[in-house]
Amino acid sequence: MSSYTLTPHGGAPAGRTVRVGWDAPLASYFATAWDEPADDGAEIDHMVFAGAAPYDISDPAIVLDLVSPYAVIPENLREQLLADRDREGDTFRGSPAAELVGTANLPYARSARQADAIRDALR
């Protein structure tokens, strides 16, 4: 799994965190952006939370677009994310949790491509 913490845009709240990466166990790119809550014990309100399901996001440009309103995108980050995927691969297929996670997420697939990839991994 790769994870890159990005620099928030100027003027962002002090507790802003923005991350993108490749999640090999889910075979998906992911993006998160949130502001730390002012009160201890308060729940974090994510501005972006994407790529948390198997085969959810296959194009790094999507996660970069999602976080671009919140952080500076380094020039070579897209290429680095592609290299991470090539190096780490897809470890969802055949993992101990694949059947449970895949079956639970299949009814909520956001695209035919995602549903087909999950079905293929479950065979």
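Does any residue of the range 107-114 turn out to be within 15 Å of the chain's Cα centre (by Cα) and either within 16 Å of Ala31 (Cβ to Cβ) or polar (S, T, N, Q) (or both)?
There is at least one residue in the range 107-114 that is within 15 Å of the chain's Cα centre (by Cα) and either within 16 Å of Ala31 (Cβ to Cβ) or polar (S, T, N, Q) (or both).
Tally up the residues in the range 49-77 that are within 29 Å of Leu122 (Cα to Cα) and without any contact (Cβ under 8 Å) to a residue 24 or more places away in the chain, please.
Total meeting the criteria: 3.
For the structure I just gave you, tell me whether Tyr4 is under 17 Å from the mean Cα position of the chain (by Cα), surrounded by fewer than 20 Cβ atoms within 10 Å (Cβ to Cβ) and at pLDDT 95 or above. Step through it out loud before you land on a result.
Numbers: under 17 Å from the mean Cα position of the chain (by Cα): yes; surrounded by fewer than 20 Cβ atoms within 10 Å (Cβ to Cβ): yes; at pLDDT 95 or above: yes.
It is true that Tyr4 is under 17 Å from the mean Cα position of the chain (by Cα), surrounded by fewer than 20 Cβ atoms within 10 Å (Cβ to Cβ) and at pLDDT 95 or above.
Taking the conditions exactly as written (assigned to a helix (DSSP H, G or I), touching a residue at least 40 places away in the same chain (Cβ under 8 Å) and either under 30 Å from Pro13 (Cα atoms) or in contact with a helix residue (DSSP H, G or I) (Cβ under 7 Å, 6 or more places away or on another chain) (or both)), does Ile118 satisfy them or not?
So Ile118 fits the description; yes.
A quick yes/no check of all residues on (1) touching a Lys or Arg at 6+ places or on another chain (Cβ under 7 Å); (2) exposed (fewer than 12 other Cβ atoms within 10 Å of the Cβ); (3) at pLDDT below 95; (4) within 20 Å of Ile118 (Cα to Cα):
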position	(1), (2), (3), (4)
His9	no, no, no, no
Ala14	no, yes, yes, no
Leu64	yes, no, no, no
Ser95	no, no, yes, yes
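Are any residues in the range 33-52 surrounded by fewer than 22 Cβ atoms within 10 Å (Cβ to Cβ) and within 10 Å of the chain's Cα centre (by Cα), and if so, which ones?
The first filter runs over the range 33-52 and keeps only residues surrounded by fewer than 22 Cβ atoms within 10 Å (Cβ to Cβ), leaving 34-50, 52.
Correct list: Val48, Phe49, Ala50, Ala52.
I need the full set of residues from the range 83-108 which are among the charged types (D, E, K, R) and under 22 Å from Asp59 (Cβ atoms), in order please.
Residues of the range 83-108 that are among the charged types (D, E, K, R), as a first pass: 84-88, 90, 93, 99.
Within the range 83-108, Asp84, Arg85, Asp86, Arg87, Glu88, Asp90, Arg93 meet the criteria.
Which of the residues that make up the range 57-97 are more than 19 Å from Val18 (Cα to Cα) and among the acidic types (Asp, Glu)?
Answer for the range 57-97, where residues must be more than 19 Å from Val18 (Cα to Cα) and among the acidic types (Asp, Glu): Asp86, Glu88, Asp90.
Of everything in the range 73-88, what is farther than 26 Å from Pro8 by Cβ and surrounded by 12 or more Cβ atoms within 10 Å (Cβ to Cβ)? Give them in sequence order.
Of the range 73-88, the ones farther than 26 Å from Pro8 by Cβ are 86-88.
Within the range 73-88, Glu88 is the sole residue that qualifies.
Can Glu99 be described as modelled with pLDDT of 95 or more and either within 30 Å of Ala12 (Cβ to Cβ) or not basic (Lys, Arg) (or both)?
Numbers: modelled with pLDDT of 95 or more: no; either within 30 Å of Ala12 (Cβ to Cβ) or not basic (Lys, Arg) (or both): yes.
Criteria not met by Glu99.
Which of the following residues is of a type outside the set (A, V, I, L, M, F, W, C) and at pLDDT 95 or above: Asp84, Asp35?
Working: Asp35 fails: at pLDDT 95 or above.
It is Asp84.
The values are calculated or read from the model by the stated rules, or taken from the named source; none is laboratory data. Since the structure is predicted, the reported quantities are computational estimates derived from the model, not experimental observations. Cβ: placed from backbone, ideal geometry, glycine included. Neighbour counts: every protein chain shown.
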